[in-house]
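Student: Let me give you the structure first, and then I'll get to my questions.
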Amino acid sequence: MLITEKTSLKQGNIDIQIEPKNSSFTPYNGFDKPKFYGRRKGRTIRKAKSTLLEAFLPEIKITDKSVFDKNKLFGKPVEKVALEIGFGDGQHLAGQAKNNPDTGFIGAEVFQNGVANLLTLITGIKEGSHLPEKINLEEGRVDNIRVFDDDIRLLFKQIPNNFLDKVFILFPDPWPKKRHAHRRFVNPDNLTEIARIMKKGGILRIATDHKIYKGWALRQVKENGNFVWTAKCGNDWKKEPADWVQTKYQLKALREGRRPVFLDFEKI
Ligand SMILES: C[S@@+](CC[C@H](N)C(=O)[O-])C[C@H]1O[C@@H](n2cnc3c(N)ncnc32)[C@H](O)[C@@H]1O
């Protein structure tokens, strides 16, 4: 269902306006490399993190040989599988994986410094730490994270239908200018793929601190037609969900006076 007019979205005691304008997207044909507009590299990566990227990332990295089976993809069989797209510095991914040892987490991130930071969080190896000959996960963690260190759109086709119980897209780059709207990650093509790889009853969580992105995401997901927004009252989307782990961009938004929203959608 394409929303062509300004629409009031009502459910429970929620009543919000969503904008009609949609941008046209060129579907990714699966052959060319999709265009990525963010940063791939930042500051020079120092010794400990470089070592983690070279010596430890290959052990948990997703490649074209990875087998998408709950019993084989991770270091141990898992009950559920979640995907975090654009995990940034990795705080949420590292925290969720620790809190949910029976769930396997796939994290996708293009920004190399972010990937390196995640590796620091899960191994406990920081700059200046002694670098052991064999790098392991920090004590108390199970081997339930796999990392795709590139654009998630390149991985979608490898993920089978109905594979994921949860998908997190947290504080995606808002690309607030109208002429950049086609760069927003929550768009018809990506939602089609996400709906395909998610199980019925699974939860897609989108968090944002951006006013435009909030309405944008609600509209895109509604238009996709495979999800229902679970919120019934303000607390259901203006407060952190019970299983939430704070992220770097969330904290930045709060410091700068912007209030994030947390949109949970159930796959139907
Ligand atoms: C604004 S940051 C938010 C990071 C993190 N989720 C947080 O809340 O702190 C958005 C992140 O998404 C990543 N990203 C954007 N598009 C992506 C894609 N197609 N595949 C993987 N990562 C992507 C960017 O590299 C960036 O690190």
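Taken together, the values in this text are just the output of simple stated rules run on the coordinates, not laboratory data. Owing to the predicted nature of the structure, the values given are computational and were not obtained by experimental measurement. Because the Cβ atoms are built from the backbone with ideal geometry, glycine has one as well, and the counts that use them run over all protein chains shown.
Student: In square nanometres and to one decimal, what's the mean projected area of the convex hull around the Cα atoms of the range 132-216?
Tutor: Projected over every direction and averaged, the Cα hull of the range 132-216 covers 8.4 nm².
Student: Using the Karplus curve 6.51 cos²θ - 1.76 cosθ + 1.60 with θ = phi - 60°, work out ³J(HN,Hα) for each residue of the range 54-68 in order, rounded to whole Hz, and write x for Gly and Pro.
Tutor: 6, 9, 9, 3, x, 6, 10, 8, 8, 10, 6, 9, 4, 9, 8
Student: Can I ask one more? Pull up the DSSP beta bridges for the chain and report the antiparallel fraction as a percent, rounded to 5.
Tutor: Roughly 40 percent of the beta bridges in the chain run antiparallel, per DSSP.
Student: Right, here's the next one. Just want to confirm a number: the relative contact order over the chain, from Cα pairs under 8 angstrom separated by 6+ residues, in percent.
Tutor: Contact order relative to length: 22 percent.
Student: Quick one: which residues, 5 or more positions from F105 or on another chain, have an amide H under 5 Å from its amide H? H modelled 1.01 Å from N in the peptide plane, none for Pro or chain starts.
Tutor: A82, I145, R146
Student: When the Cα centres of the range 201-262 and the range 140-162 are compared, how far apart do they sit, in Å?
Tutor: 22
Student: Another question about this same structure. Magnitude of the Cβ-charge dipole of the chain, K/R +1 and D/E -1, about the Cα centre, nearest 20 debye?
Tutor: In total the dipole reaches around 860 debye.
Student: From the Cα gyration tensor of the range 23-142, with a ≥ b ≥ c the square roots of its eigenvalues, which class applies: rounded if a/c is under 1.5, or else prolate if a/b is larger than b/c, or else oblate?
Tutor: Cα axes put the range 23-142 in the oblate bin.
Student: In addition: Collect residues whose amide H, placed 1.01 Å from N in the peptide plane, falls under 5 Å from the amide H of L9; neighbours closer than 5 in sequence don't count.
Tutor: Amide H neighbours of L9: I16, Q17, I18.
Student: Based only on Cα atoms, what mean projected area does the convex hull of the chain have, in nm²?
Tutor: With the hull built on Cα positions only, its mean projection is 14.8 nm².
Student: I'd like to know how the range 165-268 sits against the 2.2 N^0.38 Å rule of thumb: what's its Cα Rg over that expected value? Don't skip to the answer; put the middle values down first.
Tutor: Details: Rg = 13.2 Å, N = 104, 2.2 N^0.38 = 12.8 Å.
Relative to the 2.2 N^0.38 Å estimate, the range 165-268 comes out at 1.03.
Student: Can you say what percent of the DSSP beta bridges in the range 51-151, counting only those with both residues inside, are antiparallel? Round to 5.
Tutor: For the range 51-151, the DSSP antiparallel bridge percentage is about 0.
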